[in-house]
Amino acid sequence: MKGIVFTEFLELVENKFGLDVVDKIIQQSSLQSQGVYTAIGTYDFSEMLSLLKHLSEHTQLSIDDLLLVYAEHFFSVLANSYPDLIKKYKDPIELLSSIENHIHVEVQKIYPDAELPTFEVLEKTDSTLVMVYKSSRAMYSFGLGLMNKTFEHFDATAKITFEKLKSDGTEVKFSIVKINE
């Protein structure tokens, strides 16, 4: 997993819960990296799981809720760091439907060894999108948070529902309906 995911996660934890909590979850996690990350480095996904688990225990928030909040933070990082990726789109449905064929292609150029989830578009209209998320990491809540922030970025609203196609969350179908106001 790319280091930027770790550095931004720890920054969010520090901003929301304080530096003491960052230190605590790093110490509890027995990390091979010892909690020292660089944005361009690559680290084992098990380290993120351990950090999330210990933060969940400390905050009494579920891992899914923590991933949702983290994704909303991470969207801002992406929008600020790579504005041209988003500027190309005028609509959240267009942006979300292009994740696999445009956004992830560009991410791979920046981070060639990034292991990204896949998003298969099953159905798309001007106001609806149905797609299947697949990832061995089962971070679909992170994807949901990014989707929520995408709509917010475009000053739009949507009803986003999901169905786990595999009980472990490694395959999830998202159904998105843009709400016209």
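Given the convex hull over the Cα atoms of segment 80-121, what projected area results after averaging over all orientations, in nm²?
For segment 80-121, the mean projected area of the Cα convex hull comes to 3.2 nm².
Between residue 57 and residue 114, 0.36 nm times their residue separation minus their Cα-Cα distance comes to what?
17.7 nm
Within 11 Å, Cβ to Cβ, of residue 176, how many net charges do the neighbouring residues add up to if Lys/Arg are +1 and Asp/Glu are -1?
That works out to +3.
Ignoring ligands, DNA and RNA, what percent of the accessible area of the chain is carbon or sulfur (1.4 Å)?
50 percent
Excluding residue 14 itself, calculate the net charge of residues whose Cβ lies under 14 Å from the Cβ of residue 14, where each Lys or Arg counts +1 and each Asp or Glu counts -1.
Here the count lands on -2.
Have a look at segment 36-130 and give its Rg and Dmax from the Cα atoms, expressed in angstrom.
Over segment 36-130's Cα set, Rg and Dmax evaluate to 15.7, 44 Å.
Let's test the formula: R0 of 25 Å, r as the Cβ-Cβ distance of residue 100 and residue 127. What FRET efficiency results, to the nearest 0.05?
In this case the efficiency is close to 0.80.
Cα-Cα over 18 Å: which of 90/124; 2/88; 53/159; 90/178; 149/178; 2/173?
Listed pairs above 18 Å: 2/88; 53/159; 2/173.
So with the 1.4 Å probe, I'd like the accessible area per residue for segment 33-181, rounded to whole Å².
53 Å²
Read phi for every residue in segment 159-174 and hand back ³J(HN,Hα) as whole Hz from Karplus 6.51 cos²θ - 1.76 cosθ + 1.60, θ = phi - 60°, with x for Gly and Pro.
9, 10, 10, 9, 9, 6, 7, 10, 4, 7, x, 7, 9, 9, 9, 9
How big is the Cα convex hull of the chain in projection, averaged over all directions, in nm²?
Its average projected convex-hull area is 10.3 nm².
Helix 19-29 sits at what angle to the longest principal axis of the chain, using alpha carbons and giving 0 to 90 degrees rounded to 10?
Between the helix axis and the principal axis of the chain, the angle is about 80 degrees.
The values are calculated or read from the model by the stated rules, or taken from the named source; none is laboratory data. This one's a predicted model, so the numbers in the text were calculated from it and none came from an experiment. Note that each Cβ is placed from the backbone with ideal geometry, even for glycine, and that neighbours are counted across all protein chains shown. Accessible surface areas use protein heavy atoms only, side chains included; no ligands, DNA or RNA. Shrake-Rupley method; radii C 1.70, N 1.55, O 1.52, S 1.80 Å.
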